Amino acid sequence: MLLLRENIFYALVDKMMKTPIYDLIVVGSGVLGTFHAIHAARMGKKVLLTEKDQYPVNATVRNFGQVVPSGMASDWFPYALRATELYKEIQRESDISVRNNGTLYIPSDKEELQLILELKSKMDDSGYESVLLSATDCLARYPSLKKEYCKGGLFFPQEVSVEPDQMIRKLISYAIGKYSNLSYKPATAMIECQVSGDRVNMVSAAGEMFHAEKAVICNGGEFKLLFASLFKESGITLCKLQMMKTLPMPEVQLEGNILTGLSIRRYESFQECLSFKKLSNPEDQQKLKKWGIHILFKKGIDGSIIIGDSHEYAGVNESDDLGFKINHQVNELMMTEAQRIVNFDVRKISETWAGFYPQHKTKPIVEYDIDDRIHIRTAIGGKGMTSAAGYAEASIKKIYH
């Protein structure tokens with residue numbers, strides 16, 4: 001019996017000795033986690049990027065694929081600018097579906113028109129290029145818009161879009177091909193993460209052991225596998241969004257990121273404008289506001305058009321209450337409002353889906369640092385696609401200060 005125990009012990013020691021030790025393990029290969037891994041690899045760190053699913057399936061792929069620095073609050077604007085630079089830089093090396101076709105904001109009334117004038121002035125002061133368009137200019141460039149709706153436009157030519165169902169897989173493929181010191185292990189759900197001495201020990205659901213000097217946890221909306229008790233008290237909420245996609249309509253001229261009047265009334269950059277506090281509260285928008293609806297359009301490479309979205313919220317401990325079902329009443333409200341804006345048939349829908357992302361009630365992102373070894377970075381909200389790449393660069397520099 002003693003010999004058997006010794007054999008088991010030495011087998012475990014041998015297994016641990018053979019287990020590779022990394023400089024950094026990143027948990028979660030959404031856009032936030034993957035860019036943490038890329039920036040660490042660029043610093044020369046030996047990195048393991050893990051993903052609980054076969055490939056990312058949550059917020060990073062269930063969105064519009066719009067990269068809109070112009071919509072960010074001032075403190076996150078630099079991250080978004082840097083993210084745009086990084087997207088373009090990587091696209092020059094490898095196709096990750098980035099298209100530089102700009103962002104257009106379309107005001108529907110005088111109040112929204114005033115806001116785009118103020119944002120234009122603010123962007124001019126910062127040196128960020130934008131072009132103010134008259135209603136006539138907008139209709140000439142975008143004949144799919146209805147003249148009854150469009151009161152002008154503010155165009156940002158340097159902004160980009162990506163294909164959300166393609167980008168992250170292409171980015172991961174690029175990263176592991178580009179950096180020999182970066183490894184990727186999908187279908188690996190981490191269920192234990194503890195500091196022991198000068199390293200972090202991690203265990204997967206399959207019983208695999210991993211060791212690193214540091215770990216970054218970019219868990220997105222998964223709060224039950226790691227640090228569940230911490231997340232229960234975190235103040236995080238989960239947001240459910242409904243989106244839909246039309247059949248391919250290559251004839252529709254609506255290129256770029258298209259944001260409408262309700263987006264102007266919602267986005268953080270406009271909230272910083274002087275006139276935002278003076279906005280009226282039109283009666284006909286109350287049903288839309290109830291569901292957090294604001295209308296965006298994003299034309300894909302295949303000519304299909306993503307339309308949305310809505311916003312429902314639940315605390316981190318009640319997130320399951322949001323459910324997985326599509327509320328067709330909400331979709332109907334979105335289609336009715338969308339049809340008020342454009343002259344093509346928005347009801348030629350091929351797909352509908354719900355996306356989920358975590359955010360904090362008061363913080364732009366949730367950061368926890370445990371023993372200067374485990375670094376939790378999550379709940380970036382709806383700005384992940386726009387700013388995560390730039391934020392992750394700053395985050396990694398801070399971790400390795």
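The values are calculated or read from the model by the stated rules, or taken from the named source; none is laboratory data. What you are looking at is a predicted structure, and each value in this text was computed from that prediction instead of being measured. A quick note on method: Cβ atoms are made from the backbone with ideal geometry, for glycine too, and the neighbour counts reach across all protein chains shown. Just so you know, the surface numbers come from the protein's heavy atoms only, side chains and all, with ligands and any DNA or RNA stripped out. Shrake-Rupley method; radii C 1.70, N 1.55, O 1.52, S 1.80 Å.
Per residue, the range 40-87 exposes 36 Å² of accessible surface when a 1.4 Å probe is rolled over the protein heavy atoms with every protein chain present.
Could you give the length gained by full extension between LYS185 and ILE370, i.e. 0.36 nm per residue of separation minus their alpha carbon distance, to one decimal place?
Residue separation times 0.36 nm, minus the Cα-Cα distance, leaves 64.2 nm.
Relative contact order, whole percent, for the range 234-296 stands at 42, derived from Cα pairs under 8 Å and 6 or more residues apart.
Over the chain, what percent of the accessible surface lies on carbon and sulfur atoms, probe 1.4 Å? Can you show the working numbers first?
Details: 9440 of 17920 Å².
That share works out to 53 percent.
For helix 384-399, report the angle its Cα long axis makes with the longest principal axis of the Cα atoms of the chain; keep it between 0 and 90° and round to the nearest 10°. Roughly 40 degrees, rounded to the nearest 10.
Measuring max minus min along each principal axis, the C-alpha atoms of the range 72-194 give extents of 55, 31, 29 Å (largest first).
Starting with the highest mean, order 94-101, 34-41 by the number of other Cβ atoms within 10 Å, averaged over the residues of each peptide.
Descending mean neighbour count gives 34-41, 94-101.
In the context of the full set of protein chains, residues of the range 150-236 present 41 Å² of accessible surface per residue (probe radius 1.4 Å, heavy atoms only). Axis angle, to the nearest 10 degrees, between helix 2-18 and the longest C-alpha principal axis of the chain: 40 degrees. Shape analysis of the range 138-297 based on the Cα gyration tensor places the equivalent ellipsoid semi-axes at 42, 23, 15 Å, largest first. For the chain, modelled as a GNM with alpha-carbon contacts under 10 angstrom, which of ILE306, ILE370, ILE21 fluctuates the most? Result for the chain, Cα springs under 10 Å: ILE370 fluctuates most. In the context of the full protein assembly, ARG347 retains an accessible surface of approximately 110 Å², using a probe radius of 1.4 Å and ignoring ligands and nucleic acids. The separation of the range 311-370 from the range 222-243, counted between C-alpha centres, amounts to 16 Å. Computing Rg and the Kirkwood Rh from the Cα coordinates of the range 70-118 gives a ratio, Rg/Rh, of 1.12.
Which value, in debye to the nearest 20, gives the size of the charge dipole of the range 291-354 about its Cα centre, when Lys and Arg are +1 and Asp and Glu are -1 at the Cβ? Provide the component values of the computation, followed by the final result.
On the way: 6 positive and 10 negative charges, 80 e Å.
Its charge dipole is roughly 380 debye.
The dipole here belongs to the range 328-388: it is taken about the Cα centre, uses +1 on the Cβ of Lys and Arg and -1 on the Cβ of Asp and Glu, and is about 160 debye.
Each listed q (0.14, 0.23, 0.25, 0.26 Å⁻¹) maps to a log10 I(q)/I(0) for the range 316-401, found by the Debye formula over equal Cα scatterers with no solvent: -0.75, -1.16, -1.24, -1.27.
For the chain, averaging the sequence separation of C-alpha pairs within contact (under 8 Å, six or more residues apart) and dividing by the residue count gives a relative contact order of 25 percent.
Restricting to DSSP loop positions (anything but H, G, I, E, B) with no more than 11 other Cβ atoms inside 10 Å of their own Cβ, which GluC sites (Glu not before Pro) remain in the range 142-208? Please list the in-between numbers first.
On the way: sites: GLU148, GLU159, GLU192, GLU208; in loops: GLU148, GLU159, GLU208.
Loop-located and lightly packed - GLU148.
Under 20 Å from a label point 7 Å along Cα→Cβ of TYR128: give me every residue in the range 51-81 with its amide N that close. Only 64-81 pass the distance filter.
Please give the charge dipole size of the chain, origin at the Cα centre, charges +1 on K and R Cβ atoms and -1 on D and E Cβ atoms. Round to the nearest 20 debye.
Details: 49 positive and 49 negative charges, 30 e Å.
It comes to approximately 140 debye.
Per Stokes-Einstein, at 10 °C and 1.306 mPa s, what whole-number D in µm² s⁻¹ belongs to the range 233-315, with the Kirkwood radius over Cα pairs as the hydrodynamic radius?
On the way: Rh = 14.8 Å.
Value of D from the Cα-based Kirkwood radius: 108 µm²/s.
Alpha-carbon geometry of the chain: the Rg and the Dmax are 22.8, 88 Å, given in that order. Structure remark: mean-square fluctuation, Gaussian network model of the chain, C-alpha springs under 10 Å; the largest value among CYS273, CYS138, CYS218 belongs to CYS273. Structural descriptor for the range 270-401: relative contact order 13 percent, calculated from alpha carbon pairs under 8 angstrom and at least 6 residues apart.
Amide H to amide H, with H built 1.01 Å from N, ALA189 comes under 5 Å of ALA205, ALA206, counting only residues 5 or more places away or on other chains.
To the nearest ten degrees, helix 328-339 and the longest principal axis of the Cα atoms of the chain are 50 degrees apart. Within the listed set ASP165, ASP372, ASP23, the residue fluctuating most in the Gaussian network model of the chain (springs between alpha-carbon atoms under 10 angstrom) is ASP372. Counting only heavy atoms of the protein chains and using a 1.4 Å probe, TRP353 has close to 50 Å² of accessible surface.
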